Every structure is written in C-alpha cells, then in structure tokens.
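Visitor: The structure under discussion is supplied below as structure tokens; questions concerning it will follow.
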Amino acid sequence: MHNFKELNCWQEAKDFSVFTYEITSKFPSSEIYGITSQIKRAAVSIPSNIAEGAGRNTNKDFSRFISIALGSAFELETQFIIASELNFITEENVEELILRLNKIQKMLVNFQKHLNK
C-alpha cells in the first residue's frame, strides 16, 4: 500500500484539478451540464484514481488505476481542445492546461512503468 499524498503525480493532478475548476468557472452557464461538467469529472478522476489505486494490495492493481487515471488525462486533453475551438477558453489558458496535463501524463506513464517492474 502506498501513501498517495506523498506521490508527486497525485499532488500535481490534485493541483491541476483545482486549476481546472478555476478555469471552467468562466465557461458559459449554458454549459454547466455539458462540457463543463465533463471536464470537471475527468479532472477529478485523475487524482481520485491515483488515490484509489494506492489503497490496493498489489502493484498490478495499482497499475490498473494508473491506467484509468491516464485515460482520464487524455480524455481531458480532448475536452480542452474542444473547449478552445468553441472559444470557451483562451489560447493562453489552453496552452498552459495542456502543458501541465502533458507533464502529468508523462509522470503517470513513468510511475506505471515503475509499478510494472
């Protein structure tokens, strides 16, 4: 069992979720049940799955939850691109979001490799 709060990937993903909530608070209110909701759920899914996996008994189980977190990260990247094309988000913000998200994706891939050794 791992202490998820000590994992750099969890800390980055948690902070990123908070930042995502701040960015999406500026989205049109008509999208509250649309893309805004989807983005928030995907953002929260990343650190949540890392934490859930940390509580599992084996590295194999933990790795499966890292895969789910990684899937949510790629889903989120797609949603940011769509939000940008709909002009819900500035080019500057989407570049920062995707840059930070790519860092988290790399961290998850590397951590998963470590777990699978």
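The values are calculated or read from the model by the stated rules, or taken from the named source; none is laboratory data. Keep in mind that this is a model prediction, so the values were computed, not measured. Methodologically, a virtual Cβ is constructed for each residue, glycine included, from the backbone with ideal geometry; neighbour enumeration extends over all protein chains shown. Each accessible area value is taken on the protein alone, full model and side chains, heavy atoms only, with ligands, DNA and RNA left out. Shrake-Rupley method; radii C 1.70, N 1.55, O 1.52, S 1.80 Å.
Visitor: Can you check what the net charge comes to around residue 64, using other residues whose Cβ is under 15 Å from the Cβ of residue 64 (Lys, Arg +1; Asp, Glu -1)?
Guide: +1
Visitor: In a Gaussian network model over the chain where Cα atoms closer than 10 Å are linked, find which of 67, 17, 25 has the largest mean-square fluctuation.
Guide: Looking only at 67, 17, 25, the biggest GNM fluctuation is shown by 25.
Visitor: Of 94, 109, which has the most accessible area and how do the rest follow, probe 1.4 Å?
Guide: So the residues, ranked largest to smallest area, are 109, 94.
Visitor: Hey, what angle do you get for helix 91-115 against the long axis of the chain, alpha-carbon based, 0 to 90 degrees rounded to 10?
Guide: For 91-115 against the chain, the angle is about 10 degrees.
Visitor: Which one, 87, 44, 98, projects farthest toward the positive side of the charge dipole computed for the chain from Cβ point charges (K/R +1, D/E -1)?
Guide: Of the candidates, 44 comes out farthest on the positive side.
Visitor: What do you get for the angle between helix 35-54 and the principal long axis of the chain? Use alpha-carbon atoms, 0 to 90 degrees, nearest ten.
Guide: 10
Visitor: Next question, about the same structure. Grab the DSSP H runs of the chain that are 4 residues or longer, score each as -39,500 (n - 2.57), total them, divide by all residues and round the 222 nm result to the nearest 500 deg cm²/dmol.
Guide: Calculated from helices alone, the mean residue ellipticity at 222 nm is -26500 deg cm²/dmol.
Visitor: Something else about it: Quote the accessible area belonging to residue 106 in square angstrom, nearest 10, computed with a 1.4 Å probe and with ligands, DNA and RNA left uncounted.
Guide: Ignoring ligands and nucleic acids, residue 106 comes out at about 140 Å².
Visitor: Ordering 20, 90 by accessible area with a probe of 1.4 Å, largest first, what comes out?
Guide: Listed by decreasing accessible area, they come as 90, 20.
Visitor: To the nearest 20 Debye, how big is the dipole of segment 5-117 about its Cα centre, given +1 on the beta carbon of each Lys and Arg and -1 on that of each Asp and Glu?
Guide: 680
Visitor: Considering only 97, 70, 86, give the residue with the highest GNM mean-square fluctuation for the chain, with springs between Cα atoms whenever their separation is below 10 Å.
Guide: 86
Visitor: Could you sort 74, 19 by accessible area so the largest value comes first, with the probe set to 1.4 Å?
Guide: Of 74, 19, the descending order of accessible area is 74, 19.
Visitor: Right, another one. Just to be sure I understand: with springs between alpha-carbon atoms less than 10 Å apart, which residue in 49, 59, 93 has the highest mean-square fluctuation in the Gaussian network model of the chain?
Guide: Highest fluctuation of the listed residues: 93.
Visitor: With the contact rule set at Cα under 8 Å and sequence spacing of 6 or more, what percent relative contact order holds for the chain?
Guide: RCO, the chain: 30 percent.
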